[in-house]
Amino acid sequence: MRKSLSLLPISLALALAACGGANDTAEGGVSSSDSVESVEAPAGQKWSETVSKTDAGGIVMGNPDAPIKLVEYMSITCSHCKDFGEQAFAPLRDNYVESGKVSFEVRNFVRDPLDLTAAILSRCGGESPFFPLTEQALSNQGTMFEKAQSMGEATYSDILKSTPETRFVRLAEQLGLIAFFQQRGISEDQAKACLADTAVAESLMNDTQKAAEEFNIEGTPTFLLNGQKIEGTNWAVVETKLKEAGAR
C-alpha cells in the first residue's frame, strides 16, 4: 500500500511517542569462522569519505564492495537511534568502515511528521554531509522535542492542515530546524526548497512503506547484516555480530 502525504496528520502526542525495536539479544545475523581481510581505500581517499545513495533510498558509507554490509533503519525522533549513534558511529566508522571490510548504510524509516522534516533536511546537502548531519540531528533530539511540545496541539494540527508544499517549512520553523541546519552549512533558502519538494517527502515515505513490507520492520533502530535481521538494538550486540561475520 502506497503512503501519501494525506496520511501525515497525526497527533503531537503520537509524534513524540517512544520508539523501539528488537530486544538486545545476540541472536540472528550472519556468522563466519573466517576473518575478512582489510581492503585499502584508493590512494588519497578514506573509506569513511566514500558516500553514495543506494537503490533502496539509503545513504551508504564505505567500500562499495565490502563483503560485510550493515544497514540501519533509523528515525531521527527515536531515542534508541540517538543512543546507538552516540555509542556506535565513531567506532563503527574508525574500526570497521575504514578497514574496507564493512559498509554502513542508513535508511530513514520515517515515523511521524517531525521525523520526516528532520530527515528531509539531513539529506538536503546531498550524500557527503549526510552522516554528520544525521548524527547532529539525533543529538538535537531533546531540543526539538521541547520546541514541539511548546508549540501545542492546536498549532501542530494547523500546520499539518496546510498544503504539502508549506507544511514542512512551517514545521521546521517551529522546531528551530532551519536555523539548526543553517549553522551546519544548509542555507535557509536551500532548506526551504528541500522542505517544499513534495517528491522528497513522498520518496521517504514510500521507502519506509517498502521496508515495512519487505523486511517486516516494526521499530527503530532495526539492523540488517548482509540482508538478515540482527535481533538487538545496541552497539554491543551489533559489534558482536560484525565480528562473527569476519570483521575482526
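The values are calculated or read from the model by the stated rules, or taken from the named source; none is laboratory data. Just so it is clear, the model here is predicted, and its values are computed rather than measured. For neighbour counting, all protein chains shown are included, and Cβ atoms are generated from backbone atoms with ideal geometry for every residue, glycine included. Heavy atoms of the whole protein, side chains included, go into the accessibility calculation; ligands, DNA and RNA do not. Shrake-Rupley method; radii C 1.70, N 1.55, O 1.52, S 1.80 Å.
One table, with the values for the structure above:
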read-out	value
Segments 222-233, 42-53, 114-125 sorted - mean Cβ within 10 Å per residue, highest first	114-125, 222-233, 42-53
Greater than 18 Å apart at Cα, pairs in K69/K101; K101/K243; K69/K241; K46/K243; K101/K241	K46/K243
Pairwise label distance in nanometres, S157 with S203, each label 7 Å out on the Cα-Cβ vector	3.4
Surface share of carbon and sulfur [accessible, 1.4 angstrom probe, percent] for the chain	47
Gap separating the Cα centres of region 33-102 and region 177-242, nearest whole Å	14
In degrees, nearest ten, helix 141-160 long axis to first principal axis of the chain (Cα)	40
Viscosity 1.002 mPa s, 20 °C: Kirkwood-radius Stokes-Einstein D of region 144-213 over Cα pairs, µm²/s	164
Rg(Cα) / (2.2 N^0.38 Å) computed for the chain, rounded to two decimals	1.01
FRET efficiency, 1/(1 + (r/R0)^6) with R0 41 Å, evaluated for R184 and Q228 via beta carbons	0.75
Simple spin-label estimate for E244 and Q87 in nanometres, 7 Å along Cα-Cβ	1.6
Theoretical ellipticity at 222 nm over the chain - DSSP helices of four or more residues, -39500 (n - 2.57) apiece, nearest 500	-13500 deg cm²/dmol
Lys, Arg +1 and Asp, Glu -1 on Cβ, resulting dipole of the chain about Cα centre, debye, nearest 20	340
Average projected area [Cα convex hull, region 66-207], square nanometres	8.4
Ordering of 157-163, 172-178 by packing [mean C-beta count within 10 Å, highest first]	172-178, 157-163
